[in-house]
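Below is one structure, written out as structure tokens; the observations come after it.
Here, each number is a calculation from the coordinates, and none is a lab measurement. What you see is a predicted model; the values in this text were computed from it and never measured. Virtual Cβ from ideal backbone geometry, glycine too; neighbours counted across all protein chains shown.
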Amino acid sequence: MSLSPQELSAATRAIEEHQRILIVCHANVDPDALSGALSCFELFRSLGKDVTVVCPDSPPESLQFLPGFERLSEGLADSQNFIITVNLDEGVEVDKLRYTVEDHRVNIIIVPKNGRIRPQQISLGEGEQRYDLVIVVDTADLPLLGSLYLQHVDLFAEVPVLNIDHHISNTRYGQLQLIDTTSASVTEVLYHWFTHVPSWREKITGDLATLLLTGLITDTRSFQNPNTTPRSLEVAAELLDLGARQQEIIQHIYKTKPLTTLKIWGRALNRIQVDDRAKIAWSAVSREDLAEMGAQSKEVSGILDELISTIPDADVHVIFVEMEDGEIKASMRSSPAIDANVLAAQLFKGGGHPRASGFRIPKSANFQLAVIEAVSKIREGMARQKMEVDRLPASGRAQPVQPAAVQPSAIGKNESSEQPKKTASSFDIVEELSGKKRQKKRPGAKPETEENDVK
């Protein structure tokens with residue numbers, strides 16, 4: 001579902017009519033979510049807005065190259081004050097003001113210089129909210145914000161929320177939504193919004209273009225995943241033309257990995273298990289493994305797309321990670337034969353996209369047993385899905401999902417990549433597109449409407 005002009009206009013008015021903007025993204029942040037949040041920060045700050053951008057947990061060190069990274073906050077400041085007002089009669093002045101705290105009570109002591117202050121002269125009220133608009137980026141549901149949401153539920157109930165996302169599992173929370181499930185990344189959604197407003201398009205700097213391209217590259221895994229569409233490639237080319245630093249992104253995202261990450265990947269690869277009959281492959285990393293390798297749970301995420309999902313003849317690939325708090329996080333990829341989003345939702349109340357989803361399992365005293373039980377459930381769910389498809393008449397069976405309809409994310413962490421397609425040869429698809437677009441460019445075309453070359 002693409003964005004409508006009405007949705008774009010409503011979101012634009014919200015920015016124009018509000019001044020104190022809070023931007024947040026989901027916990028266990030990924031590059032697309034963080035790039036999207038920082039993109040909003042960069043643009044709206046250039047519009048003269050008072051902007052705060054919050055990431056609920058510490059982002060990976062590999063993302064420190066992102067423009068604006070140093071502006072991130074991990075928590076919210078107190079969003080509201082409680083005000084006690086004393087209406088002074090004419091001629092009454094205050095001499096001293098002090099307070100004491102005792103027995104869980106605050107005593108505010110006002111000593112008038114002359115005259116008296118009576119209880120009926122006192123009124124109570126709440127101060128102005130610290131924020132007048134909240135923008136939630138790349139988050140299918142508010143609880144995925146983690147403790148940020150749980151500790152500030154009133155804020156999200158009282159302040160208007162703009163929900164910007166590309167997940168098919170989005171619950172459409174908030175007063176305003178910009179949800180495009182045909183976009184490959186949330187930054188692609190943002191690109192279409194930002195360029196919809198001519199005055200905003202002019203403010204897209206090289207830094208902002210780099211942020212937007214980072215989300216698109218990572219959520220398509222360098223345009224290898226089936227969610228890559230012709231529109232995604234056009235957006236990438238236009239961002240390069242606007243100054244996006246592609247090689248900087250590639251260097252930090254794909255070519256720079258800490259030793260701890262490589263060690264924990266080795267442990268996960270060593271434990272890959274495959275059930276040929278059920279066509280499921282999985283691996284698991286425990287807290288003990290993380291401690292032994294000196295790694296963090298967030299370092300495991302990339303292994304699913306890089307290596308595990310290349311195992312042939314498997315319809316489902318899963319990686320289980322025991323988080324630092326004991327909760328188990330699972331990321332799942334599937335072939336067109338299995339709907340991963342339905343599987344995660346029905347079995348574990350998770351979700352995401354048809355080819356990429358995620359879910360969480362409550363803390364368990366026995367991590368390995370919990371993984372075995374989860375794999376057993378997935379086997380049964382896969383069997384039911386295949387039986388249901390077999391029962392359908394040929395005319396009623398779902399056709400293989402085309403690349404334009406496939407999305408790369410998951411509810412558990414809003415997973416951002418899918419199973420890559422194998423190709424007979426490798427080539428730089430951006431360079432290929434660059435050559436084609438240069439051939440199509442017409443001399444004399446206006447800068448705002450012409451097709452942009454790839455630099």
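For this structure, a couple of remarks:
- Think of each Lys and Arg Cβ as +1 and each Asp and Glu Cβ as -1; about the Cα centre, that makes the dipole of segment 259-405 roughly 360 debye.
- Positive-end ranking of VAL300, MET387, GLY358 along the dipole of segment 259-405, with charges on Cβ about the Cα centre, is headed by MET387.
- Under 5 Å between amide hydrogens, built in the peptide plane, is the criterion, and for ILE328 it picks out MET323, ILE361, LYS363 among residues at least 5 positions away or on other chains.
- Listed cross-link partners LYS329/LYS386; LYS279/LYS329; LYS255/LYS298; LYS49/LYS298; LYS255/LYS349 are compared with a 27 Å cut-off, the Cα-Cα value being larger for LYS49/LYS298; LYS255/LYS349.
- If you look at the Cα atoms of segment 1-90, you get an Rg and a Dmax of 17.5, 63 Å.
- D (Stokes-Einstein, µm²/s), Kirkwood Cα radius, segment 227-382, 0.890 mPa s at 25 °C: 146 µm²/s
- Values of log10 I(q)/I(0) for segment 132-172 across q = 0.31 Å⁻¹ run -1.18, by the Debye formula with one identical scatterer at each alpha carbon and no solvent.
- R0 of 25 Å, Cβ-Cβ distance VAL274-TYR254: FRET efficiency to nearest 0.05: 0.45
- Once both labels are positioned 7 Å from their Cα atoms along Cα-to-Cβ, the gap between GLN19 and ALA337 label points is 6.1 nm.
- Ranked for footprinting exposure by Cβ neighbours inside 10 Å, fewest first, ILE179, ILE135, ILE122 give ILE122, ILE179, ILE135.
- The stretch between THR195 and MET387 holds 64.5 nm of extra length on full extension. This uses 0.36 nm per residue minus the Cα-Cα distance.
- Global form of segment 82-126, assessed from the alpha-carbon gyration tensor, a/c cut-off 1.5: oblate
- Each Lys and Arg contributes +1 and each Asp and Glu -1, all at the Cβ; summed about the Cα centre of segment 82-126, the dipole is approximately 120 debye.
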